[in-house]
1. Whether any residue in segment 109-121 is assigned to a helix (DSSP H, G or I) and in contact (Cβ under 8 Å) with a residue 40 or more places away in the chain is what I want to check.
2. Based on what the data block shows, is residue 98 under 13 Å from the mean Cα position of the chain (by Cα), assigned to a loop (DSSP other than H, G, I, E, B), surrounded by fewer than 17 Cβ atoms within 10 Å (Cβ to Cβ) and modelled with pLDDT of 95 or more?
3. Quick one: residue 106 ticks every box in (1) surrounded by 14 or more Cβ atoms within 10 Å (Cβ to Cβ); (2) in contact (Cβ under 8 Å) with a residue 60 or more places away in the chain except a single one, so which number is it?
4. Restricting attention to segment 122-138, which residues are assigned to a loop (DSSP other than H, G, I, E, B) and farther than 14 Å from residue 5 by Cα?
5. When segment 46-77 is examined, which residues are found to be in contact with a strand residue (DSSP E or B) (Cβ under 7 Å, 6 or more places away or on another chain) and free of Cβ contacts under 8 Å to residues at least 24 places away in the same chain?
6. List pairs: first residue in segment 2-23 and free of Cβ contacts under 8 Å to residues at least 24 places away in the same chain, second residue crowded, with 16+ Cβ neighbours inside 10 Å and outside any helix (DSSP H, G or I) anywhere in the structure, Cβ distance under 6 angstrom, at least six positions apart or on different chains.
(Lines give C-alpha, C1' and ligand atoms only; values in the text may rest on other atoms or scores of the structure.)
Protein backbone atom coordinates (compact mmCIF):
# COMPACT_ATOMS: atom_id res chain seq x y z
CA UNK A 1 0.00 0.00 0.00
CA UNK A 2 1.38 3.41 -0.95
CA UNK A 3 0.39 7.05 -0.79
CA UNK A 4 1.95 10.48 -1.13
CA UNK A 5 1.65 13.25 1.42
CA UNK A 6 2.05 16.83 0.19
CA UNK A 7 3.44 18.94 3.01
CA UNK A 8 3.41 22.75 2.86
CA UNK A 9 6.39 24.25 4.68
CA UNK A 10 6.93 27.82 5.85
CA UNK A 11 10.64 28.18 5.21
CA UNK A 12 13.41 26.78 7.38
CA UNK A 13 12.26 24.58 10.20
CA UNK A 14 10.35 21.46 11.13
CA UNK A 15 6.79 20.69 10.05
CA UNK A 16 5.17 17.83 11.94
CA UNK A 17 3.34 15.21 9.86
CA UNK A 18 2.81 12.56 12.56
CA UNK A 19 -1.00 12.79 12.64
CA UNK A 20 -1.40 12.63 8.85
CA UNK A 21 0.81 9.56 8.66
CA UNK A 22 -0.81 7.91 11.70
CA UNK A 23 -4.29 8.37 10.20
CA UNK A 24 -3.19 6.65 6.99
CA UNK A 25 -1.39 3.80 8.78
CA UNK A 26 -4.35 3.23 11.12
CA UNK A 27 -6.45 2.16 8.11
CA UNK A 28 -4.31 -0.96 7.75
CA UNK A 29 -5.00 -2.31 11.23
CA UNK A 30 -2.03 -4.62 10.66
CA UNK A 31 1.53 -5.21 11.77
CA UNK A 32 4.22 -4.23 9.32
CA UNK A 33 6.82 -1.69 8.35
CA UNK A 34 6.23 1.89 7.25
CA UNK A 35 8.80 3.47 4.98
CA UNK A 36 8.75 7.23 4.34
CA UNK A 37 10.82 8.92 1.64
CA UNK A 38 11.00 12.64 0.82
CA UNK A 39 11.24 13.38 -2.90
CA UNK A 40 13.52 16.41 -2.59
CA UNK A 41 17.23 17.15 -2.25
CA UNK A 42 16.89 20.24 -0.06
CA UNK A 43 14.69 18.90 2.76
CA UNK A 44 14.91 15.96 5.18
CA UNK A 45 12.77 13.68 7.32
CA UNK A 46 13.30 13.34 11.07
CA UNK A 47 11.89 11.50 14.03
CA UNK A 48 12.26 14.04 16.78
CA UNK A 49 10.76 15.21 20.08
CA UNK A 50 7.29 16.70 19.67
CA UNK A 51 6.64 17.84 23.26
CA UNK A 52 8.85 20.92 23.63
CA UNK A 53 8.94 23.33 20.64
CA UNK A 54 12.33 24.62 21.83
CA UNK A 55 13.85 21.38 20.48
CA UNK A 56 12.74 22.37 16.98
CA UNK A 57 13.98 25.94 17.44
CA UNK A 58 17.37 24.73 18.65
CA UNK A 59 17.74 22.16 15.84
CA UNK A 60 16.98 24.81 13.25
CA UNK A 61 19.45 27.24 14.86
CA UNK A 62 22.15 24.57 15.08
CA UNK A 63 21.93 23.58 11.42
CA UNK A 64 21.75 27.24 10.33
CA UNK A 65 25.00 27.82 12.21
CA UNK A 66 26.60 24.56 11.03
CA UNK A 67 25.86 25.28 7.34
CA UNK A 68 25.25 29.01 6.80
CA UNK A 69 24.13 30.54 3.47
CA UNK A 70 26.66 31.03 0.69
CA UNK A 71 26.72 34.76 1.48
CA UNK A 72 28.65 33.88 4.66
CA UNK A 73 32.41 34.30 4.01
CA UNK A 74 33.04 30.84 5.50
CA UNK A 75 31.07 29.34 2.60
CA UNK A 76 32.87 31.21 -0.21
CA UNK A 77 34.35 27.94 -1.53
CA UNK A 78 30.92 26.73 -2.74
CA UNK A 79 30.26 27.00 -6.47
CA UNK A 80 26.57 26.00 -6.75
CA UNK A 81 25.11 29.45 -6.03
CA UNK A 82 22.84 30.32 -8.98
CA UNK A 83 19.68 29.07 -7.22
CA UNK A 84 20.22 31.40 -4.28
CA UNK A 85 22.43 31.57 -1.18
CA UNK A 86 20.28 29.02 0.67
CA UNK A 87 20.24 26.30 -2.02
CA UNK A 88 23.63 24.60 -1.71
CA UNK A 89 23.54 24.78 2.10
CA UNK A 90 20.10 23.08 1.90
CA UNK A 91 21.62 20.27 -0.19
CA UNK A 92 24.42 19.86 2.36
CA UNK A 93 21.92 19.65 5.25
CA UNK A 94 19.88 17.06 3.33
CA UNK A 95 23.10 15.07 2.76
CA UNK A 96 23.75 15.08 6.53
CA UNK A 97 20.22 14.22 7.64
CA UNK A 98 17.91 11.33 6.68
CA UNK A 99 15.69 11.50 3.61
CA UNK A 100 13.94 8.23 4.49
CA UNK A 101 12.60 6.63 7.66
CA UNK A 102 11.54 3.11 8.62
CA UNK A 103 8.99 2.82 11.41
CA UNK A 104 7.57 -0.45 12.79
CA UNK A 105 3.78 -0.68 12.89
CA UNK A 106 1.80 -2.82 15.35
CA UNK A 107 -1.93 -3.33 14.82
CA UNK A 108 -2.13 -0.19 12.67
CA UNK A 109 -0.20 2.02 15.10
CA UNK A 110 3.29 3.36 14.54
CA UNK A 111 5.69 2.19 17.24
CA UNK A 112 6.95 5.69 18.03
CA UNK A 113 8.17 6.56 21.50
CA UNK A 114 6.16 8.76 23.87
CA UNK A 115 7.61 12.09 22.74
CA UNK A 116 8.50 11.18 19.15
CA UNK A 117 6.98 12.80 16.11
CA UNK A 118 7.68 12.67 12.37
CA UNK A 119 8.86 15.89 10.75
CA UNK A 120 9.73 17.34 7.38
CA UNK A 121 12.80 19.51 7.96
CA UNK A 122 12.75 22.33 5.40
CA UNK A 123 16.20 23.67 4.60
CA UNK A 124 15.30 26.40 2.07
CA UNK A 125 14.38 29.94 3.08
CA UNK A 126 11.13 30.10 1.11
CA UNK A 127 7.95 28.10 1.63
CA UNK A 128 7.69 24.91 -0.41
CA UNK A 129 5.32 22.02 -1.01
CA UNK A 130 7.24 18.85 -0.21
CA UNK A 131 6.20 15.36 -1.30
CA UNK A 132 6.67 12.47 1.10
CA UNK A 133 6.06 8.99 -0.30
CA UNK A 134 4.75 6.40 2.17
CA UNK A 135 4.91 2.65 1.69
CA UNK A 136 3.37 0.20 4.13
CA UNK A 137 4.20 -3.49 3.93
CA UNK A 138 2.76 -5.97 6.32
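The values are calculated or read from the model by the stated rules, or taken from the named source; none is laboratory data. Worth saying up front: this structure is predicted, and the values here are computed from it rather than measured. Glycine also receives a Cβ, built like all others from the backbone with ideal geometry; neighbour counts cover every protein chain displayed.
1. The initial filter retains those residues of segment 109-121 that are assigned to a helix (DSSP H, G or I), namely none.
Checked segment 109-121: no residue is assigned to a helix (DSSP H, G or I) and in contact (Cβ under 8 Å) with a residue 40 or more places away in the chain.
2. Working: under 13 Å from the mean Cα position of the chain (by Cα): yes; assigned to a loop (DSSP other than H, G, I, E, B): yes; surrounded by fewer than 17 Cβ atoms within 10 Å (Cβ to Cβ): yes; modelled with pLDDT of 95 or more: yes.
The answer is yes for residue 98.
3. (1)
4. Of segment 122-138, the ones assigned to a loop (DSSP other than H, G, I, E, B) are 123-128, 138.
The answer is 123, 124, 125, 126, 127, 138.
5. Across segment 46-77, the qualifying residue is only 55.
6. Once the first residue is free of Cβ contacts under 8 Å to residues at least 24 places away in the same chain and sits in segment 2-23, its partners that are crowded, with 16+ Cβ neighbours inside 10 Å and outside any helix (DSSP H, G or I) give 20/5.
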